[in-house]
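Trainee: Just passing along the structure, written as structure tokens.
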Amino acid sequence: METHTLRDFCQQLPKTELHAHLNGSISDHTLTKLMRRRHLGGQNMTSFEKGRSRTLDECFQAFKIIHKLTEDEESVKMVTGDVIKEFSQDGVKYLELRSTPREEEHTGMTRRSYVEAVLNAIRSPEISALDITVRLLLSIDRKNGAMVAMETVKLAQEYLLTSDDCVVGVDLSGNPKIPGQDEETQALLELRPHRIGHGTFLKASRNGTSELVEHVRKLKIPLELCLTSNVKCQTVKTYHEHHFKFWFDQSHPCTFCTDDKGVFSTTLSEEYGIAATTFGLSPKQLWDISYNSIDFAFAQHDVKDKLRFTWNEHKHLILRK
Ligand SMILES: [Zn+2]
């Protein structure tokens, strides 16, 4: 497929985004708005220029700056709305955002009011009018320790029951380079997670016989693969060496995700395009990856049925070309 045709196809392809951190998804445009509010001028300090790579530690540095700009409910609501609109413009029909509920003493924001601000944005009339279904996962950041983790799990439990199915789960995130990383991985896999983000720790690209790989394979735990994020953070050297190929070749459930579309200057359509050119995937294969990801979404059955209906409506329009 020619480049421009592939780009159009990926843009028109209805997509699910299952691994997107709210703060890392903030676009340059929204960052500029936030800086203006704080009278910091329009200079962008966080987004990664195309092609430039940074270390994992530098990536976490970028998040610190973003956090400083989103310390009150109003900015949290504003960025949530903007991020959802941008995903919708990119042809995403189902979006699971994930975010760590944060408290900020000096602005009075609490973990609860943070979650409320995100939910208010999702439920606002402007966002509800868009052709996109949005769900929320509450993230537990490793660095905040066990007490905060428990508080977040309790918040998630409460909102699972009271948010009209909007809060659908929890996610463990943050810098994975911690003491006891292997033990953590083992303990988490024993909990049988419903999905795994990245999967770089499985180290499957070269050695396909490790115990962890076998475990994930046997349980068919879907993988959320973030090509550009892995390459820019250097957890995978090149697109060609990405472990997508290893899993895809054995029909393991996989989906493409952006991770942090703002920090890594990417879009979900671009990720599909990169996968197609790197691994020689056909439009039909891209279609199947996108359609099959509905299966791993944390949404209710009726929502998934509606999504499948939407996909099938688009299928004749874009695959026939
Ligand atoms: Zn992530």
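Trainee: Express in nm, to one decimal, how much length is gained between Thr110 and Arg192 on full extension, taking 0.36 nm for each residue of separation and deducting their alpha carbon distance.
Mentor: 26.5 nm
Trainee: Let me check against my output: what whole-number percent is the relative contact order of region 3-319, with C-alpha pairs under 8 Å and at least 6 apart?
Mentor: So the answer I get is 25 percent.
Trainee: Which of rounded, prolate, oblate describes region 146-218, given a ≥ b ≥ c as roots of the alpha-carbon gyration tensor eigenvalues and a/c under 1.5 marking rounded, otherwise prolate only if a/b is larger than b/c?
Mentor: Verdict is prolate for region 146-218.
Trainee: Evaluate the chain: find the radius of gyration of its Cα atoms, find its Kirkwood radius, and give the ratio Rg to Rh.
Mentor: On the way: Rg = 18.9 Å, Rh = 20.2 Å.
Result: Rg/Rh = 0.94.
Trainee: Which shape class applies to region 50-145: rounded if a/c is under 1.5, otherwise prolate when a/b exceeds b/c and oblate if not, where a ≥ b ≥ c are the square roots of the Cα gyration tensor eigenvalues?
Mentor: oblate
Trainee: Report the paramagnetic label zone for Gln157: residues of region 167-196 whose backbone N is under 16 Å from a point 7 Å from Cα along the Cα-to-Cβ axis.
Mentor: 168-171
Trainee: Could you put Ile274, Ile178, Ile140 in order, starting from the residue whose Cβ has the fewest other Cβ atoms within 10 Å?
Mentor: Ranked by crowding around the Cβ, least crowded first: Ile178, Ile274, Ile140.
Trainee: Take the Cβ-Cβ distance between Leu172 and His4 as r, set R0 to 45 Å, and report the resulting FRET efficiency rounded to the nearest 0.05.
Mentor: 0.70
Trainee: Would you list Tyr239, Tyr159, Tyr114 from fewest to most Cβ contacts within 10 Å?
Mentor: Ranked by crowding around the Cβ, least crowded first: Tyr239, Tyr159, Tyr114.
Trainee: Order of Phe256, Phe296, Phe60 from fewest to most other C-beta atoms within 10 Å? Before the final figure, lay out each step's value.
Mentor: Numbers: Phe256 28, Phe296 20, Phe60 15.
Neighbour counts put them in this order, fewest first: Phe60, Phe296, Phe256.
Trainee: Add -39500 (n - 2.57) for each DSSP H run of 4 or more in the chain, then divide by its residues: what number comes out at 222 nm, to the nearest 500 deg cm²/dmol?
Mentor: -15500 deg cm²/dmol
Trainee: Okay, next question. Which percent, nearest 5, of DSSP beta bridges in region 3-319 are antiparallel? If you can, show how the numbers build up before the last one.
Mentor: Values: 1 of 24 bridges.
Percentage antiparallel, nearest 5: 5.
Trainee: Longest segment of the chain with no GluC sites (Glu not before Pro) in a DSSP loop having at most 15 other Cβ atoms within 10 Å?
Mentor: Working: sites that count: Glu2, Glu49, Glu103, Glu105, Glu241.
For GluC sites (Glu not before Pro) (loop position, at most 15 other Cβ atoms within 10 Å), the longest site-free span of the chain is 106-240.
Trainee: Explain nothing, just the number: relative contact order of region 182-266, from Cα pairs under 8 Å at least 6 residues apart, as a whole percent.
Mentor: Normalised by residue count, the contact order of region 182-266 is 31 percent.
Trainee: Something else: Around Val148, what is the net charge, scoring Lys/Arg as +1 and Asp/Glu as -1 over all other residues with Cβ under 15 Å from its Cβ? Spell out each step's value before the answer.
Mentor: Details: positive: Arg102, Arg111, Arg112, Arg142, Lys143, Lys154; negative: Glu103, Glu104, Glu105, Asp141, Glu151, Asp171.
Combined, the nearby Lys, Arg, Asp and Glu give 0.
Trainee: Also, I was wondering about something else. Would you compute the Debye intensity of region 86-133 from its alpha-carbon atoms alone, equal scatterers and no solvent, and pass along log10 I(q)/I(0) at q = 0.15, 0.18, 0.25 Å⁻¹ to two decimals?
Mentor: Here the Debye-derived log intensity ratios amount to -0.49, -0.65, -0.92.
Trainee: Taking the Cα centroid of region 248-321 and of region 150-201, what is the distance between the two, rounded to the nearest whole Å?
Mentor: 23
Trainee: Same structure, new question: In whole angstrom, and with the biggest value first, how far do the Cα coordinates of region 159-263 range along each principal axis?
Mentor: Largest first, region 159-263 extends 45, 33, 33 Å along its Cα principal axes.
Each value in this text was obtained by applying a stated rule to the coordinates, not by laboratory testing. As the structure is a prediction and not an experimental result, all values here were calculated from the model. Please note: Cβ atoms are built from the backbone with ideal geometry, for glycine as well, and neighbour counts cover all protein chains shown.
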